[in-house]
Amino acid sequence: MWLHVLLLALTVATTTYAGAYHWASFALEPAEMLAAPQNAAFFLHGLWFSGTVLIILGCHELGHYFACRYYNVDASLPFFIPLPIPLTGTMGAFIRIREPIPQKRMLFDIGIAGPLAGFVLAVPLLFLGIWMSRLAPDYNPADLPPGLISYSLGEPLLYKAASALVWGNVPDGQSLNMHPMAFGAWFGLLATALNLFPIGQLDGGHISYAVLGRRSTYVTFASVAVAMGLAWFANSWIVWTALTVVMLVVFGPHHPRVFDEDLPLDRTRLYLAAFAAVMLVLCFTPAPIRLMDLIRR
């Protein structure tokens, strides 16, 4: 238990640190950001981001955990992963399932419970965060003060829809200045999309195997090829793609078997599998983060 608490506390600290700078980019002019006093009040603003991120990630992992508890599958509480970098402050969270999952329906329910729980929280937080955002004039990255890193965020379909519903058509020369809560929800959408990729033992891999059986291995190879293509298209995919390749090398491309592998899922679960594919499409963006300095080159 102490390790879970320690990792959660560290992740609160690193995400709040990252969130403080997202708040500064939202509330302050670029020249003011470098001179902002980094005191307790400054970092408290980071809770807008960290609270949003931890709620979405926590609900995602607790969805898996309580599904495991429902089926009496031995699983750990969530492990949060702190990452002391300004952009996200975390690499996400995971639970450890300590025993094989014997049945297909159990595997499916445990696999989809996390993305569903996280998505249900991410959608209202996204709308609230976008509503709290504001329109601002576009900045020319070349005019920013030295020392500030400028980046461009990809916009998932769900983000675009929420922005259009809340703000309508954004005038030329302006863009949406994201509130830290909106940025946290954006990160929650990205985490949901990454987990829903039908690769190996990711959530999407569990769902794919439950639906397709051993044929899901072909889907895994195709998805890895797509991920490699994305890494060539946008540098922000390189680390995640490398991690998926390492996962397949360590654990193998074939999903661990269940004893009723050849039995089809019921219609309700097939509908949920289709909805998981819809969630992936809504949360996906081909270029999540691009540094403006690299774009100009």
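I'd like to know if segment 232-243 contains one or more residues that are more than 28 Å from GLU155 (Cβ to Cβ), out of contact with any Ser or Thr (no Cβ under 7 Å at 6 or more places or on another chain) and of a type in the set (A, V, I, L, M, F, W, C).
Kept after step one, since they are more than 28 Å from GLU155 (Cβ to Cβ), are these residues of segment 232-243: none.
Within segment 232-243, none of the residues are more than 28 Å from GLU155 (Cβ to Cβ), out of contact with any Ser or Thr (no Cβ under 7 Å at 6 or more places or on another chain) and of a type in the set (A, V, I, L, M, F, W, C).
Taking segment 221-257 as the range and being in a loop (DSSP other than H, G, I, E, B) and not small (Gly, Ala, Ser) as the test, the residues that pass are PRO253, HIS254, HIS255, PRO256, ARG257. Restricting attention to segment 226-259, the residues that are closer than 26 Å to ARG98 by Cα and free of Cβ contacts under 8 Å to residues at least 60 places away in the same chain add up to 17.
Considering only residues in segment 258-271 that are of a type in the set (A, V, I, L, M) and in a loop (DSSP other than H, G, I, E, B), the one that is surrounded by the most Cβ atoms within 10 Å (Cβ to Cβ) turns out to be VAL258.
Regarding SER163, is this residue out of contact with any Lys or Arg (no Cβ under 7 Å at 6 or more places or on another chain) and closer than 26 Å to HIS64 by Cβ?
Numbers: out of contact with any Lys or Arg (no Cβ under 7 Å at 6 or more places or on another chain): yes; closer than 26 Å to HIS64 by Cβ: no.
When the stated conditions are applied, SER163 does not pass them.
Would it be correct to say that LEU202 is closer than 12 Å to HIS255 by Cβ, of a type in the set (A, V, I, L, M) and crowded, with 19+ Cβ neighbours inside 10 Å? So LEU202 fits the description; yes.
Scanning segment 67-99 for residues that are small (Gly, Ala, Ser) and assigned to a strand (DSSP E or B), we see that the one that is nearest to TRP23 (Cα to Cα) is GLY92.
Rule-based calculations on the coordinates, nothing more; no lab input. Keep in mind that what you see is a predicted model, and the values were worked out from it rather than measured. We place every Cβ from the backbone using ideal geometry, glycine too, and count neighbours over all the protein chains shown.
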